[in-house]
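Step one of this worksheet: look at the structure below.
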Amino acid sequence: MSNPRISEELRRYEGEFGLFITCAWRLEVAQTVVCGSESRNESDGEIAGGIDRLVGRTITQIDVDERALDFALILDRGEARLSVFCDVVDGDAWQENYHLTLADWLLIVGPRSILRREERTLK
């Protein structure tokens, strides 16, 4: 990875899961909106600052809307919240709202919040 904001630890190791979000999202910390999917994404932008505020936090709850597959990650018992809104409704099958990478599977939420599972192949 060439992103200078990625630590050496993150470059060398893979976590237990990965979450890649391409739909609308919002991050709140201490009941204040910090940034969202339309915020500035430069190295000194709101998104980078928001991500910095997540480092070291623990996911303590996950709330899922079973119809739309929108979800919220609650961190540190409500101190922070990442809300994700599936807004990719019309589109090709390859477009997605988000995907979750697990050890052996990819869980992909595509257009109209259709969930599909793919076996993960490691190279």
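The values are calculated or read from the model by the stated rules, or taken from the named source; none is laboratory data. All values derive from a computational prediction rather than experimental measurement. Don't worry about glycine lacking a Cβ; one is built from the backbone with ideal geometry, like all the others, and counts go over all protein chains shown.
Quick look at the numbers
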| quantity | calculated |
| --- | --- |
| Contacts under 7 angstrom Cβ, first residue in the stretch 88-107 being on the phi > 0 side of the Ramachandran plot and modelled with pLDDT under 90, partner surrounded by 13 or more Cβ atoms within 10 Å (Cβ to Cβ) and not hydrophobic (A, V, I, L, M, F, W, C), 6 or more apart | Gly91/Pro111 |
| Selected residue (criterion: farthest from Glu14 (Cα to Cα)) from residues of the stretch 92-123 that are polar (S, T, N, Q) and surrounded by fewer than 16 Cβ atoms within 10 Å (Cβ to Cβ) | Gln95 |
| First in the stretch 33-57 and touching a residue at least 24 places away in the same chain (Cβ under 8 Å), second anywhere and exposed (fewer than 15 other Cβ atoms within 10 Å of the Cβ) and part of a loop (DSSP other than H, G, I, E, B), Cβ under 7 Å, 6 or more apart | Ser43/Arg5; Ala48/Arg5 |
| Residue that is surrounded by the most Cβ atoms within 10 Å (Cβ to Cβ) [pool: residues in the stretch 1-33 that are modelled with pLDDT of 90 or more and in contact with a helix residue (DSSP H, G or I) (Cβ under 8 Å, 6 or more places away or on another chain)] | Leu27 |
| The stretch 29-79 - residue that is more than 27 Å from Arg112 (Cβ to Cβ) and among the acidic types (Asp, Glu) and, of those, farthest from the chain's Cα centre (by Cα) | Asp44 |
| Residue count, the stretch 34-50 (criterion: exposed (fewer than 14 other Cβ atoms within 10 Å of the Cβ) and out of contact with any helix residue (DSSP H, G or I) (no Cβ under 6 Å at 6 or more places or on another chain)) | 5 |
| Matching entry among Thr60, Thr121 (being of a type in the set (Ser, Thr, Tyr) and at pLDDT 95 or above) | Thr60 |
| Number of positions in the stretch 5-32 that are touching a residue at least 40 places away in the same chain (Cβ under 8 Å) and either under 14 Å from Leu82 (Cα atoms) or of a type in the set (A, V, I, L, M) (or both) | 12 |
